[in-house]
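For reference, the structure is listed below as C-alpha cells.
The values are calculated or read from the model by the stated rules, or taken from the named source; none is laboratory data. Keep in mind that this is a model prediction, so the values were computed, not measured. Neighbour counts are summed over all protein chains in view; Cβ atoms, including those assigned to glycine, are modelled from backbone coordinates with ideal geometry. Keep in mind that these areas ignore ligands, DNA and RNA; they rest on the heavy atoms of the full protein, side chains included. Shrake-Rupley method; radii C 1.70, N 1.55, O 1.52, S 1.80 Å.
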Amino acid sequence: MSDNNIQGAFFQQIKDLLPGNVSMVDEVADILKISNDSAYRRIRGETSLTFDEIAMLSSKYGISLDGLTHSSADMVAFKYRPLNEKKFSFESYMISVLDDLIKIEAAEDKEMIYVANDIPFFLLFGIPEVASFKLFVWTKTILNYSIHHGKKYVLNAYFTDKIKETGTKLIELYSKIPSVEIFHAGTIEPTLNQLEYYWVSGLFAEKEHALILCDKISQLVSHMQLQAELGVKFPYGKPLPEGVLEMRKGTYKLYYNEVIYTDNTILARIGDTKVTYLTNNGHDSLRTSNPYFYENTYRSIQNLLSKSAFVSGTSEKERNRIFM
C-alpha cells in the first residue's frame, strides 16, 4: 500500500468513527492545532502527516496502525485500559465505553457481535439495584478498592448520580445498535454466584437487600427473555415507543451455545472500520482496530454460531433453556 493510500485509509477510519454531524476537517484541525486549510491538505493526501500527528490522531481515536501498514499478522497492537481506583476508575471506564458507543450508534452502517460470559454490561443499568451490586462486587472483591475495605454491600451504595446518568445513556445507545449475542449455560451464573458468595460471607449490610436483589435479577432475566422473544433491545421499564418494534424488529439476534465457552468478546463494525474488544483479568479492556485480528475473530465466532441454537423470535423451547 502506498503512503498516500495508507494516509487515506487512516482518515477513512477516523471518518467512520465520527458522528455524522461532526466535521472531520474541524476535528483534525482542532486536534493537531492547525488551520482548516492545512487539515484539508492532509486529508486529501497533499501533505503527509508527521509521526507526531499520526500519534496524536491514533491516540485520540484508538486506531491501530499495524493493520493499515500490513505488518506481520502475528503482531497486533491493542489499546489497554486497566481498571484502577485512582488512575482509571470504573466511572472513567463507563465514560470511555460511552464514547465508543456514541461513535458506533452514530454510524449509518453498524453492527455489534457480543460473546457473553456474563450478563452483558450494558443491560445491568436498566435496573440500578443490579448495576450497583455488580459494580460493588467488581470494585471490592475483584479490584480490591480501598474505599470498600471493611464495608458491606448496601443497596445502591456508591451508585452516584454520574454513574446512573452514564449508565442510562449506555443502555439507550446499546439498545439502538443492531446486535448478535451469544449466551451459554453459564452466562447468568456469575451474577447468581456472586449473590450467593455475598450471602454466605455475610457481606450484605441488611438481609433484606439480598432478597430485593434476587427479585431485581429475576426481573432483569425476564426482560432479557422478552428482548429475545421480540427480537428488539430496549431499556428495562421503558415501553417501546410506537412504531419502534416494527422498525427495529429482528435487529437483535440471540444464540445459545452449549459446546464452546470463550472469553468475553465484542466485535463492532462501524462502516468500513472494524474494532475488536476483549477483556483481560476479568474486566480490564483491550481494544484493537487491526482488521486481520477482527477477521480471524469474526471467523471463529461464525464457527461458534454454526454450533449454536438461534433462540430469538419463535424459538421458545431453545430460549427457555437459557432463561427458565
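Yes/no per residue for (1) among the small types (Gly, Ala, Ser); (2) in a loop (DSSP other than H, G, I, E, B); (3) under 26 Å from residue 230 (Cα atoms); (4) open to solvent by less than 10 Å² (accessible area, probe 1.4 Å):
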site	(1), (2), (3), (4)
124	no, no, yes, yes
131	yes, no, yes, yes
136	no, no, no, yes
164	no, no, no, no
175	yes, no, yes, yes
192	no, no, yes, no
196	no, no, no, no
202	yes, yes, no, no
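Suppose we filter the stretch 102-111 for residues that are in a loop (DSSP other than H, G, I, E, B) and in contact with a helix residue (DSSP H, G or I) (Cβ under 7 Å, 6 or more places away or on another chain); how many remain?
Adding up the residues that qualify gives 1.
Can you say whether residue 102 is out of contact with any Phe, Trp or Tyr (no Cβ under 6 Å at 6 or more places or on another chain), surrounded by fewer than 20 Cβ atoms within 10 Å (Cβ to Cβ), in contact (Cβ under 8 Å) with a residue 24 or more places away in the chain and farther than 27 Å from residue 304 by Cβ, as far as the supplied structure shows?
Considered against the rule, which asks whether it is out of contact with any Phe, Trp or Tyr (no Cβ under 6 Å at 6 or more places or on another chain), surrounded by fewer than 20 Cβ atoms within 10 Å (Cβ to Cβ), in contact (Cβ under 8 Å) with a residue 24 or more places away in the chain and farther than 27 Å from residue 304 by Cβ, residue 102 comes out as yes.
Out of all the residues in the stretch 213-222, is one or more in a loop (DSSP other than H, G, I, E, B), at pLDDT below 95 and out of contact with any helix residue (DSSP H, G or I) (no Cβ under 7 Å at 6 or more places or on another chain)?
The answer is no, given that none of the residues of the stretch 213-222 is in a loop (DSSP other than H, G, I, E, B), at pLDDT below 95 and out of contact with any helix residue (DSSP H, G or I) (no Cβ under 7 Å at 6 or more places or on another chain).
Which one of 179, 222 is open to solvent by less than 30 Å² (accessible area, probe 1.4 Å) and of a type outside the set (Val, Ile, Thr)?
179
Being in contact (Cβ under 8 Å) with a residue 24 or more places away in the chain, assigned to a helix (DSSP H, G or I), of a type in the set (Ser, Thr, Tyr) and open to solvent by less than 40 Å² (accessible area, probe 1.4 Å) is the requirement here; does residue 114 meet it?
It is false that residue 114 is in contact (Cβ under 8 Å) with a residue 24 or more places away in the chain, assigned to a helix (DSSP H, G or I), of a type in the set (Ser, Thr, Tyr) and open to solvent by less than 40 Å² (accessible area, probe 1.4 Å).
Please go through the stretch 275-302 and pick out each residue that is out of contact with any strand residue (DSSP E or B) (no Cβ under 8 Å at 6 or more places or on another chain) and crowded, with 16+ Cβ neighbours inside 10 Å.
The answer is 283, 292.
Given (1) surrounded by fewer than 16 Cβ atoms within 10 Å (Cβ to Cβ); (2) farther than 21 Å from residue 312 by Cβ, where does residue 186 come up short, assuming only one miss?
In the conditions (1) surrounded by fewer than 16 Cβ atoms within 10 Å (Cβ to Cβ); (2) farther than 21 Å from residue 312 by Cβ, residue 186 misses (2) alone.
Which numbered condition in (1) modelled with pLDDT of 90 or more; (2) open to solvent by 40 Å² or more (accessible area, probe 1.4 Å); (3) in contact with a strand residue (DSSP E or B) (Cβ under 9 Å, 6 or more places away or on another chain) is the only one that residue 259 fails?
Of everything listed in (1) modelled with pLDDT of 90 or more; (2) open to solvent by 40 Å² or more (accessible area, probe 1.4 Å); (3) in contact with a strand residue (DSSP E or B) (Cβ under 9 Å, 6 or more places away or on another chain), residue 259 misses just condition (1).
Run down 146, 89 and say which single residue is farther than 30 Å from residue 301 by Cβ, at pLDDT below 85 and among the polar types (S, T, N, Q).
Testing whether each residue is farther than 30 Å from residue 301 by Cβ, at pLDDT below 85 and among the polar types (S, T, N, Q) leaves just 89.
Taking the conditions exactly as written (more than 21 Å from residue 317 (Cβ to Cβ), open to solvent by less than 60 Å² (accessible area, probe 1.4 Å) and in a helix (DSSP H, G or I)), does residue 227 satisfy them or not?
Here the answer is no, as residue 227 does not meet what is asked.
Scanning for something surrounded by 19 or more Cβ atoms within 10 Å (Cβ to Cβ) and farther than 25 Å from residue 308 by Cβ, does the stretch 242-249 turn up at least one residue?
Checking the stretch 242-249: not a single residue is surrounded by 19 or more Cβ atoms within 10 Å (Cβ to Cβ) and farther than 25 Å from residue 308 by Cβ.
Which of (1) on the phi > 0 side of the Ramachandran plot; (2) modelled with pLDDT of 90 or more; (3) not aliphatic (A, V, I, L, M) is the odd one out, the single condition residue 45 does not satisfy?
(2)
Restrict the check to the stretch 66-74 and report whether at least one residue is hydrophobic (A, V, I, L, M, F, W, C) and either within 24 Å of the chain's Cα centre (by Cα) or not in a helix (DSSP H, G or I) (or both).
Yes, the stretch 66-74 contains at least one residue that is hydrophobic (A, V, I, L, M, F, W, C) and either within 24 Å of the chain's Cα centre (by Cα) or not in a helix (DSSP H, G or I) (or both).
When you go through (1) among the polar types (S, T, N, Q); (2) at pLDDT 90 or above; (3) over 30 Å from residue 83 (Cβ atoms); (4) open to solvent by less than 50 Å² (accessible area, probe 1.4 Å) one by one for residue 306, which number turns out not to apply?
(4) is the only condition that residue 306 fails.
Restricting to the stretch 149-162, and then to whatever is among the hydroxyl-bearing types (Ser, Thr, Tyr) and assigned to a loop (DSSP other than H, G, I, E, B), can you tell me which residue is modelled with the highest pLDDT?
Ranking the candidates gives 160 first.
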